[in-house]
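Here's the structure we're looking at; comments come further down.
The values are calculated or read from the model by the stated rules, or taken from the named source; none is laboratory data. Keep in mind it's a predicted model, so treat the numbers as computed, not measured. As a convention, Cβ positions derive from the backbone with ideal geometry for all residues, glycine included, and neighbour counts pool all protein chains shown. The accessibility values were calculated without ligands, DNA or RNA, using every heavy atom of the protein model including side chains. Shrake-Rupley method; radii C 1.70, N 1.55, O 1.52, S 1.80 Å.
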Amino acid sequence: MNLSLRAQERLRLGFIYVLCAIVMIWALAPIYWVAVSSISTRRELYAQPYKIWFPSEPTFESYHTIFTQGAKFRDGTFSPTAHLMSAGLRNSLVISVASAAVVTLLATGAGYAFARMEFRGKNAIFLLIMLMLPLPIWVSLIALFFIMSRLELVDSLLGLVLIFVTLLLPLAVWMMTTFVRDIPAEIQDAARVDGADRWRILYSIVLPLARPGLVAVFLVAMLTTWNNFLIPLIFSRTDDSQPLTIVLTLFIGQYEVAWEDMSAAAVVTMLPPFLMALFFQRYLVRGLTMGAVK
Amino acid sequence: MKTANRLLSSDSRYVIVVLTPIVLLIALFIYYPAVETFNTSLTNRNLRIRRPPKAIGLDNYVKLVNDDEFWEVTGRSFKVVLITLPLEMAVAFGVAMLLNQRFPGRGAVRTLAILPWMLPGVVNGFLWGWLLNGEYGALNGFLYQFGLIGEYQYWLREPDHQLFWVCVVQTWTRYAFPTIILLAGLQSIPDDLFDAGKVDGASAWHRVRYITFPLLLPSFGIALVVEFIAAFQIFDVVWTLTAGGSAGGAMNPFTKTLMLYNYELVFRDLRIGLGAALSYIILAMSLAVGVIFVMRVYNQGVQEQ
């Protein structure tokens, strides 16, 4: 108790930073390790015991390997890894960006209707959409697979985008309804009086004012789609539609020992979510917690 | 078209245009298949056997309830829940308490602490699988270098250990969500409550036990329900960490949880009817436990206050 206030504060901060270091090691060590592995030479990475913690000659060789060469699959009938990797990257990008764009568009129009308009069946339709949120959609997926087969939408980018848009709708509509509700009603009422119709209000008043909401919906939709594994596991068959999350698991079967190459593939798969989490975390956290806490 | 336009007000037309695609998508892709799956669960549909599916009533459900593997897998899923939830809540509570302190750099620590949650689950499973690798893994290298182990360990060899590590990786993947919920709860507790506690001479531990904890119960309730569903339906993490069989081989039986078992029944064994029944059992269990959780936590919260 005879410590001065300043010393006490310094002690408190010191203690806090020790705890912070522990949390950082826990949260980041696995990520750091895979990043280091991806730029190590195999000789160093496979040293026993390993004690370098940073490669003495960092190299991007593994990234080069997974995109340009690589052996064929076990029995040699599938496409080479080089093609798998670039196809996966393309598919992941197309699916996540397209799904996010479509769902943001649909949810904005609907969000405005639910937030600011009265119409017959409004509550029933809103409930119908929101009921999906707490219910596990797994029961739907089983029969959906056979429906998609009949529609010839299995192993197609269009099929995956349609499924993701549907799965993302409840959260997106919920978010947009909330965001539009936060825009002062007076501005919209004034426009109504001036004779603007709903489309005009949506376009020139709601869209600009709800931009942070729009961005949040788009980013959350893109992140969840990029990260998803179960949907393409069921609905993708070949590199026509397989995203990176699937390609990564194919690599695990293929390279029993090439950990540096697999690490590079893992880094490529997690880089977009990683960057989004660093730069847009505020939006993402807001959106991702919204669905669960109503 | 002209008359239709005149009959419908411009408002109605707006509503119809924006809601029709949404309602169609949800009806066609969610509700209709959900009913179809249920109907299938009442048949003996099996794509391995060439015969038209026959209605067999509730036989699939009866068969599952009398099946040893079903109970084994269900027990394993609950085991995952029972190990993961306490672990996850403890980590989340600790991190939330830390992030609730004032210190320079708090924003950066918060951003980085939440990162794992935003990464793909299959990548997380792979990250840890590599970290725990018995020959070249970093955990072995680290512990060996500091003399904590005499020789390299195969961390993922024993079945019991596999399930434990699955829970650790699930914790790593998900703890950010309860952390955020608890942090929001902590920040809504007024400071004067703690000041009053201090004046009354309550120790730091007592303040946490009798002020922070009871006031956080609703936040714990929300976090527990969401994380229960996530752990109970665990899939991605197991797939890359311990499930094996991604090239079409047999799945590792020691970490086969309900969702993996269900995936195997439907998409590997093609026993569609039986798998459909299992999916509805999983749905029922998730809902039941979710409701019980919420009620208990809230009741306790009401009693303590």
- Item | Carbon and sulfur %, accessible surface of the protein assembly as shown computed with the full protein complex present, 1.4 Å | 64 percent
- Item | Residue among B:Leu28, B:Leu224, B:Leu183 with the largest mean-square fluctuation in a Gaussian network model of chain B, springs linking Cα atoms under 10 Å | B:Leu28
- Query: Averaged over peptide B:106-117, how many Cβ atoms belonging to another chain are found within 10 Å of each residue's Cβ?
  - Reply: 5
- Query: Per residue of A:140-153, what is the mean number of Cβ atoms on other protein chains within 10 angstrom of that residue's Cβ?
  - Reply: 6
- Query: Shape of segment B:15-103 from its Cα gyration tensor (a ≥ b ≥ c, root eigenvalues): rounded if a/c is under 1.5, otherwise prolate when a/b > b/c, or oblate?
  - Reply: oblate
- Task: Would you work out the relative contact order for chain A, in percent, from Cα pairs under 8 angstrom that are 6 or more residues apart?
- Result: 28 percent
- Task: If a/c stays under 1.5 just call it rounded; otherwise compare a/b with b/c (prolate if a/b is bigger, oblate if not). Do that for chain A, with a ≥ b ≥ c from the square roots of the Cα gyration tensor eigenvalues.
- Result: oblate
- Note on the structure: Taking a ≥ b ≥ c as the square roots of the Cα gyration tensor eigenvalues, with a/c under 1.5 meaning rounded and otherwise prolate when a/b beats b/c or oblate if not, chain B comes out oblate
- Of B:Ser10, B:Ala92, B:Ile56, which is farthest on the positive side of the dipole of segment B:7-106, counting Cα position, with +1 on Lys and Arg Cβ, -1 on Asp and Glu Cβ, and the Cα centre as origin? B:Ser10
- Message: Rounded to the nearest 10 Å², what accessible area does A:Val173 have for a 1.4 Å probe in the complete protein model?
- Response: 0 Å²
- Among A:Leu284, A:Leu128, A:Leu230, whose mean-square fluctuation peaks in a Gaussian network model of chain A (Cα, cutoff 10 Å)? A:Leu128
- What percent do you get for the relative contact order of segment A:92-231 when only Cα pairs under 8 Å and 6+ apart count? 48 percent
- Query: Roughly how much of A:His83 is accessible, in Å² to the nearest 10, using a 1.4 Å probe?
  - Reply: 90 Å²
- Message: Taking 0.36 nm per residue of sequence separation and subtracting the Cα-Cα distance, how much length would be gained by fully extending the chain between B:Thr20 and B:Phe254, in nm to one decimal?
- Response: 79.6 nm
- Item | Gaussian network model of chain A, springs between alpha carbon atoms under 10 Å - residue of A:Ile205, A:Ile246, A:Ile66 with greatest fluctuation | A:Ile205
- Solvent exposure of the protein assembly as shown as accessible area per residue, Å², 1.4 Å probe: 46 Å²
- Provide the FRET efficiency to the nearest 0.05 for the B:Arg296-A:Phe279 pair, computing r from the beta carbons and using R0 = 51 Å. 0.80
- Message: Heavy atoms only, 1.4 Å probe, whole protein assembly: order B:Arg51, B:Arg45 by accessible area, highest first.
- Response: B:Arg51, B:Arg45
- From DSSP H assignment alone, runs of 4+ in the protein assembly as shown each adding -39500 (n - 2.57), the sum over residues rounded to the nearest 500 puts [θ] at 222 nm at -22000 deg cm²/dmol
- Task: Compute the relative contact order of segment B:43-129 as a whole-number percentage, counting only Cα pairs closer than 8 Å that sit 6 or more residues apart in sequence.
- Result: 12 percent
- Query: In peptide A:270-276, what is the residue-averaged number of other protein chain Cβ atoms found within 10 Å of each Cβ?
  - Reply: 3
- Note on the structure: Scattering profile of segment A:213-254 from the Debye formula, Cα beads only, expressed as log10 I(q)/I(0) at q = 0.18, 0.23, 0.26 Å⁻¹, is -0.56, -0.76, -0.87
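Note down the magnitude of the dipole of chain A about its Cα centre, charges +1 on Lys and Arg C-beta and -1 on Asp and Glu C-beta and zero elsewhere, to the nearest 20 debye.
In total the dipole reaches around 780 debye.
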- Query: On alpha-carbon atoms, Rg over Rh for segment B:159-305 using Kirkwood Rh?
  - Reply: 1.13
- Query: Hey, can you rank A:103-113, B:104-114, B:31-41 by average C-beta count inside 10 Å, highest first?
  - Reply: A:103-113, B:31-41, B:104-114
